[in-house]
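Engineer: Structure below; questions to follow.
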Amino acid sequence: MGRALMQTTLFGLLLTLVTSLPNKDDWDIYSFHINSTVTSRYATTVITSRVANRMNESKEVEFQVRIPKNAFISKFRMFMDGQVYDGVVKTKEQAQQQYTAAVSRGQSAGLVSSIGRTLEEFKTSVTLAAHKKVTFELTYEELLKRRHGKYELQIHARPMQPVSDFKVDVYIDEKAGISFLEVKGGLSTKALANAITKTLTDKQAWVYFYPTESQQKTCDSCGEQGMNGDLVIVYDVNRDISVGDIKTSGGYFVHHFAPSSLPRIPKNVVFVIDQSGSMSGRKIQQTRTALIHILNDLNEDDFFGLITFDGDIFHWKRELVQATKTNVNSAKTFAQNIPASGSTDINAAVLEGARILKAHPREGSASNPYTSD
């Protein structure tokens, strides 16, 4: 399925309405609401932002959203001068062509573009007449995924100024029952504790976040430009030993299945680490820290190896060894002293890692992760 013109998700939401930092006498975001409903781990969220042009001349207002990649926008609308302007979702190829044509004609258009490996950005703009108002309404949907025994609903808000009417409303309805619910994130702080209200019953939960204008300026993630942080609702559902939970709607179905009694599969893993000159400084420091952390997570029935490379290959051991406490400590000492200099021969290093894996006869999951810039 082609990527759509307007796509978004709950994880990593960033909403801004700026071309430059607004002056208080220019335009004003006087209302900013986020309403999210989660039913059977399927989230539908509506963001409504109302903006007023305080100037005596027309002003271009830009609507910009940064989003993770694994959800979709189902609706985008603008309300202005009593008119409703509905966005039309297109495939990425169609969207690029029509976006370019619309911009050349001076029309409003929106486009999704990638930002790094995990985020995309949607933005559009509209020219707002003097002393007029516009309402942006964005609806997006996502199937929440269970990670580390829990579901996370993440809302990241950055309206770029304190808002007099700022609200986040979350409603969760789980027929299987809710086993626990927590509110975390950068906006769940001591300074904002009285702005958060949480109610939990057997199968339903409500979370309200209503910070005052004053709180939006003084919290840890706040300032004169308002809030810049996230609110994360963490929860899980009750489970039994059956074959899972199947939900159907409109000819579609989803099967929620989270087995907890499966045996862990021992790992055979070779770490391949780039120690060339381009990794010097912060890169090699972060690599050492991450590698040591991963080594600490190995179980004793795992087998592992470790090689580094620049223009040559350097072995900690020439074969896989069991992840005993002694071997792990030895590998951590080796990792702590990985230098950064020389050229780069990734191909030879990856082939050597594969050779070490193939030479080890034990069954189990096999992986050959490598780190490079």
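Engineer: What about ILE294, is it outside any helix (DSSP H, G or I), among the hydrophobic types (A, V, I, L, M, F, W, C) and at negative phi?
Structural biologist: no
Engineer: Filter segment 117-155 down to residues that are among the hydrophobic types (A, V, I, L, M, F, W, C) and surrounded by fewer than 16 Cβ atoms within 10 Å (Cβ to Cβ) and give me whichever is nearest to TYR171 (Cα to Cα). Spell out the reasoning first.
Structural biologist: Just the residues of segment 117-155 that are among the hydrophobic types (A, V, I, L, M, F, W, C), to begin with: 119, 122, 126, 128-130, 134, 136, 138, 143-144, 153, 155.
The next check asks that each one be surrounded by fewer than 16 Cβ atoms within 10 Å (Cβ to Cβ); those that pass are 129-130, 143.
Working: ALA129: 36, ALA130: 38, LEU143: 15 Å.
Once the filter is applied, the top-ranked residue is LEU143.
Engineer: Which members of segment 199-233 meet the condition of being closer than 17 Å to PRO159 by Cα, part of a loop (DSSP other than H, G, I, E, B) and touching a strand residue (DSSP E or B) at 6+ places or on another chain (Cβ under 9 Å)?
Structural biologist: TYR210, PRO211, THR212, GLU213, CYS219, ASP220, SER221, CYS222, GLY226, MET227, ASN228
Engineer: Moving on. Considering only residues of segment 262-307 that are closer than 24 Å to ARG362 by Cα and β-branched (Val, Ile, Thr), which is surrounded by the fewest Cβ atoms within 10 Å (Cβ to Cβ)?
Structural biologist: ILE265
Engineer: Can you find a residue that is assigned to a helix (DSSP H, G or I), of a type in the set (A, V, I, L, M, F, W, C) and out of contact with any Pro (no Cβ under 7 Å at 6 or more places or on another chain) anywhere in segment 313-322?
Structural biologist: no
Engineer: When only residues in segment 173-205 that are hydrophobic (A, V, I, L, M, F, W, C) and surrounded by fewer than 14 Cβ atoms within 10 Å (Cβ to Cβ) count, which is modelled with the highest pLDDT?
Structural biologist: That would be PHE180.
Engineer: Scan segment 323-353 residue by residue and report those that are part of a loop (DSSP other than H, G, I, E, B), in contact with an Asp or Glu (Cβ under 9 Å, 6 or more places away or on another chain) and more than 14 Å from ASN299 (Cα to Cα).
Structural biologist: Within segment 323-353, PRO339, ALA340, SER341, GLY342, SER343, THR344, ASP345 qualify.
Engineer: Just to be sure before I move on: is LYS247 surrounded by 13 or more Cβ atoms within 10 Å (Cβ to Cβ), of a type outside the set (Val, Ile, Thr) and closer than 30 Å to ALA354 by Cβ in the structure I sent?
Structural biologist: No; evaluated as a whole, the condition is false for this residue.
The rows are residues; the columns are (1) of a type in the set (S, T, N, Q); (2) farther than 26 Å from PRO263 by Cα; (3) at pLDDT 90 or above.
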| residue | (1), (2), (3) |
| --- | --- |
| HIS293 | no, no, yes |
| ASN296 | yes, no, yes |
| ARG318 | no, yes, yes |
| ASN327 | yes, no, yes |
| PHE334 | no, yes, yes |
| GLY342 | no, yes, no |
| GLU352 | no, yes, yes |
| GLU363 | no, no, no |
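The values are calculated or read from the model by the stated rules, or taken from the named source; none is laboratory data. Since this is a predicted model, take the numbers as computed values, not measurements. Positions of Cβ are generated from backbone atoms using ideal geometry, with glycine treated the same way; all protein chains shown enter the neighbour counts.
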